[in-house]
Each structure stands twice: as C-alpha cells, then as structure tokens.
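First comes the structure, then the notes that go with it.
The values are calculated or read from the model by the stated rules, or taken from the named source; none is laboratory data. Only a predicted model underlies this, so the values are computations on that prediction, with no experimental measurement involved. FYI the Cβ positions are ideal-geometry reconstructions off the backbone, even for glycines, and counts take in every protein chain you see. Just so you know, the surface numbers come from the protein's heavy atoms only, side chains and all, with ligands and any DNA or RNA stripped out. Shrake-Rupley method; radii C 1.70, N 1.55, O 1.52, S 1.80 Å.
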Amino acid sequence: MANRITRPIPNTLTCLNLFSGCIACVMAFKSNYDLALLFIIISAVFDFFDGLAARALNAHSIIGKDLDSLADDVSFGVAPSLIVFSLFREMHYPPYMECIADYLPYAAFLISVFSALRLAKFNNDTRQTSSFIGLPVPANALFWGAIGSGLHDWVLSEGFHPLFLLIGVCIFSGLLVSEIPMFSLKFKNLSWKDNKVSFIFLIVCIPLLALLQVSGFAAVIIWYVLLSLMTQKRK
C-alpha cells in the first residue's frame with residue numbers, strides 16, 4: 001500500500017504533465033512550434049510515468065483519474081489546438097477566402113472539444129484496458145506538434161490551401177472518437193508472436209524518423225492509424 005510519502009507521487013507527475021502542457025500552449029500561441037512540440041513530448045513522458053507510478057506504488061485514486069484527464073486535455077487537446085490556430089493565422093489565404101480568414105482559425109478548437117470527448121469516453125469504456133478504441137490524445141497532439149514544427153514552411157506556403165488544414169482537423173477529430181480499434185504498445189513479453197503488430201510498427205518507425213526527422217513524428221502517427229486499420233481488416 002502507498003504511504004504518505006509515496007501516495008502523492010503519481011498526482012505530482014500528473015501536475016507536471018499539466019504544467020508542461022500549459023507551457024506548450026504559450027509556445028504555440030507565440031508560434032514557437034519547436035518548443036510547443038518539445039513540451040508536448042515532455043507532457044507525454046510525465047503522462048506515461050504517472051500511470052506507471054500509480055500501478056507500481058498502488059496509489060490509484062478517483063482524484064488522480066480526474067486530474068489525469070484534465071491535464072491531458074490541456075497538454076494534448078488545447079496545446080495542439082493552439083498550434084493549429086497559430087498556423088491558420090499565419091497561412092496565406094486566397095482572395096475569395098479573405099472574408100473568413102479571421103474566423104477559420106477557431107475551427108482549430110475542435111481538437112480540444114473532441115479530445116475532451118475522447119478522454120471522457122476512455123475513462124468509461126471498459127473495452128480499452130489493453131488496447132484503444134479511437135486515436136489516443138497524445139498521438140493526436142504529437143501529430144499536430146510535428147506538423148507545426150517540422151512542416152511549418154510547407155503549410156505556410158502559397159501552394160498549401162487552408163481547406164487542407166481544416167480537413168485534417170476534421171479527420172483527426174473524428175479519429176479521436178471513432179470506433180476504430182487501435183493497438184497499444186504495452187509489451188507483456190518480447191515474443192514476436194504476441195507482439196507482432198507492435199514490432200512491425202516500431203521497425204517502420206525507425207527509417208521514418210531517420211529520414212524525415214521532426215516531421216517523421218507526423219508520419220509515424222499516420223502509419224499507426226493505417227496499421228491499426230490494416231490489422232483490423234484481417235480480423
């Protein structure tokens with residue numbers, strides 16, 4: 001059982017997740033996409049270890065569960081929304097879209113809304129103990145962070161239409177609350193048979209990240225979604 005010293009550790013890590021997420025939001029609003037992505041990654045690290053610490057120390061609590069969801073919606077919902085919001089504000093708009101150029105950026109906050117819906121669904125869905133139903137919010141945040149940091153110049157070029165970004169927001173918002181089964185990277189052992197999908201995923205991730213660098217994180221998330229769909233079709 002957790003004692004008075006170890007009991008606060010998981011919630012402290014969750015608060016550090018939230019703190020890093022707030023910094024990511026500020027960086028995103030300032031269009032500092034590199035630091036926004038960095039602090040999203042830091043938040044994801046704290047998010048991983050708070051659950052690990054809670055299990056290791058047997059320090060689960062109802063407050064911790066609620067706090068985790070609140071922190072995650074800031075770090076992985078609001079932060080990527082602000083990245084996309086800033087991208088929308090910096091984009092080149094064709095003349096016939098200038099009348100909505102001041103309003104379109106607010107569509108970015110669909111990511112925050114659907115992330116909250118995703119988190120609420122995850123907390124109450126007993127099917128998601130060893131895998132996921134729909135895209136996890138950290139993966140979605142990592143995708144948009146990589147778009148902002150690694151593909152910033154391409155997105156802001158005159159050849160990139162604002163509607164492409166809007167379509168991306170709608171697609172990924174839908175993936176968050178979709179009924180698509182998506183595999184988890186939790187390894188119970190190192191057997192190829194038991195973890196074949198995870199191993200295939202990781203093997204392909206290595207060249208993607210090596211070749212594409214920061215933007216490779218966005219490619220990794222797309223690969224994750226595609227592999228989940230391909231795996232599901234075989235079942």
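Residue 197: under 24 Å from residue 23 (Cβ atoms) and either open to solvent by less than 50 Å² (accessible area, probe 1.4 Å) or among the β-branched types (Val, Ile, Thr) (or both), yes or no?
no
State the number of residues belonging to region 35-59 that are more than 20 Å from residue 221 (Cα to Cα) and either in contact (Cβ under 8 Å) with a residue 60 or more places away in the chain or surrounded by 22 or more Cβ atoms within 10 Å (Cβ to Cβ) (or both).
Within region 35-59, residues that are more than 20 Å from residue 221 (Cα to Cα) and either in contact (Cβ under 8 Å) with a residue 60 or more places away in the chain or surrounded by 22 or more Cβ atoms within 10 Å (Cβ to Cβ) (or both) number 2.
Given the residues 133, 180, 206, which is the only one that is farther than 30 Å from residue 88 by Cβ and either open to solvent by 60 Å² or more (accessible area, probe 1.4 Å) or of a type in the set (A, V, I, L, M) (or both)?
Numbers: 133 fails: farther than 30 Å from residue 88 by Cβ; 180 fails: farther than 30 Å from residue 88 by Cβ.
Criteria check complete, one pass: 206.
Name the residue, out of 222, 203, that is on the phi < 0 side of the Ramachandran plot, free of Cβ contacts under 8 Å to residues at least 12 places away in the same chain and not in a loop (DSSP other than H, G, I, E, B).
Residue meeting the stated conditions: 203.
Criterion first (in a helix (DSSP H, G or I), crowded, with 19+ Cβ neighbours inside 10 Å and over 17 Å from the mean Cα position of the chain (by Cα)) does residue 80 satisfy it?
On the way: in a helix (DSSP H, G or I): yes; crowded, with 19+ Cβ neighbours inside 10 Å: yes; over 17 Å from the mean Cα position of the chain (by Cα): no.
Spelling it out, it is not the case that residue 80 is in a helix (DSSP H, G or I), crowded, with 19+ Cβ neighbours inside 10 Å and over 17 Å from the mean Cα position of the chain (by Cα).
Of these, 85, 29, which one is under 23 Å from residue 154 (Cα atoms), modelled with pLDDT of 95 or more and under 18 Å from the mean Cα position of the chain (by Cα)?
85
Go through region 155-174 and give me each residue that's in a helix (DSSP H, G or I) and open to solvent by 20 Å² or more (accessible area, probe 1.4 Å).
Those that are in a helix (DSSP H, G or I) and open to solvent by 20 Å² or more (accessible area, probe 1.4 Å): 163, 164, 166, 167, 170, 171, 172, 174.
In a helix (DSSP H, G or I), modelled with pLDDT under 85 and either under 23 Å from residue 47 (Cα atoms) or within 16 Å of the chain's Cα centre (by Cα) (or both): which single residue out of 121, 186, 233 fits that description?
Matching residue, one of 121, 186, 233: 121.
So, residue 144, is that one at negative phi and free of Cβ contacts under 8 Å to residues at least 60 places away in the same chain or not?
So residue 144 does not fit the description; no.
Considering only residues of region 85-109 that are open to solvent by 60 Å² or more (accessible area, probe 1.4 Å) and in contact (Cβ under 8 Å) with a residue 12 or more places away in the chain, which is nearest to residue 171 (Cα to Cα)?
In the first step, residues of region 85-109 are kept if they are open to solvent by 60 Å² or more (accessible area, probe 1.4 Å); the result is 89-90, 92, 95-96, 98-100, 102-103, 106, 109.
From what is left, the residues that are in contact (Cβ under 8 Å) with a residue 12 or more places away in the chain are 89-90, 92, 106, 109.
Working: 89: 20, 90: 21, 92: 22, 106: 16, 109: 14 Å.
Only one residue tops the list, namely 109.
Consider region 110-126. How many of its residues are aromatic (Phe, Trp, Tyr) and touching a residue at least 60 places away in the same chain (Cβ under 8 Å)? If you could, list the steps in order and put the result at the bottom.
The first filter runs over region 110-126 and keeps only residues aromatic (Phe, Trp, Tyr), leaving 114, 122.
From what's left, touching a residue at least 60 places away in the same chain (Cβ under 8 Å): 114.
The number of residues fulfilling the criteria is 1.
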